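Inspection log for the structure reproduced underneath, given as C-alpha cells.
The values are calculated or read from the model by the stated rules, or taken from the named source; none is laboratory data. Given the structure is predicted, the values throughout are model-derived calculations rather than measurements. No Cβ is skipped: glycine too gets one built from the backbone with ideal geometry, and neighbour counts run over all protein chains shown.
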Amino acid sequence: MSTENVSTENMSTENMSLGNGSAGNMSPANMSPASEVINATVSDLPLDAGHASAGAWSPECGAVVGFSGIVRNHDGGRSVATLSYTAHPSAEQVIAEVAAEIAGRYDGVRIWVGHRTGPLEIGDAALVAAVAAAHRGVAFAACSDLVDTVKARVPIWKEQGFGDGSTEWVGVSDAPA
C-alpha cells in the first residue's frame, strides 16, 4: 500500500432510481439529481469525518449522514493493545466499485468513503463514510448500505494484538484468490 490517496473523483450515475417508477416520464420538474461518488479511497493516511461530510455536501442536499468506525480498546471482552489493517491490492478498486454500486441504488446521493490501512491507535478512525442527499431518509439508508457493503466486500483484514500478547486476524477467511 502506498501513502498516496487513490480516489474516484465525481463518478456520476445518470437517471439512477430506487424504485420510484418515474424514470420513464422524467421532466425537469420531477427529475432527481444524478448520484455521485465524490471520494472512495484506501490509504494509510488519517481520515477526517468533518472533511468527509464537507466533501459529500452540496447546496442541493438537506441531509448529510456520517459514519466513523473508530478503533476501540476492547473486542470480545479482551483488551486490545495494537491494531493494524492490511489491504489486498484490489481493495482500492473494490471500494470504488462498492461506492458506485450504492450510488446507483439511491437517487441524488453524494458519497464519500475511505478506509485506513497500516497500524492504528485506539481512537483512530478506521472507516469513514458520509452520504449527502436531499432528504434524511435516503441519506441514512444509503450510508448504512454503504458501510455494510464496504465491510462485507472490500478485502481489508484486521490484525488485533491483545493485552495478553496473543493476536487475531479478522476477515482473512474472506480473502480473494
Can you confirm whether the stretch 131-154 contains a residue that is touching a residue at least 40 places away in the same chain (Cβ under 8 Å), assigned to a strand (DSSP E or B) and small (Gly, Ala, Ser)?
yes
Since Pro89 meets every condition but one in (1) under 21 Å from Leu146 (Cα atoms); (2) touching a residue at least 40 places away in the same chain (Cβ under 8 Å); (3) not in a strand (DSSP E or B), which condition does it not meet?
(2)
Conditions (1) at pLDDT 50 or above; (2) under 17 Å from the mean Cα position of the chain (by Cα); (3) hydrophobic (A, V, I, L, M, F, W, C); number of the one not met by Val6
(1)
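Any idea which residue in the stretch 92-130 is surrounded by the fewest Cβ atoms within 10 Å (Cβ to Cβ), counting only those that are part of a helix (DSSP H, G or I) and among the acidic types (Asp, Glu)?
In this case the residue turns out to be Glu101.
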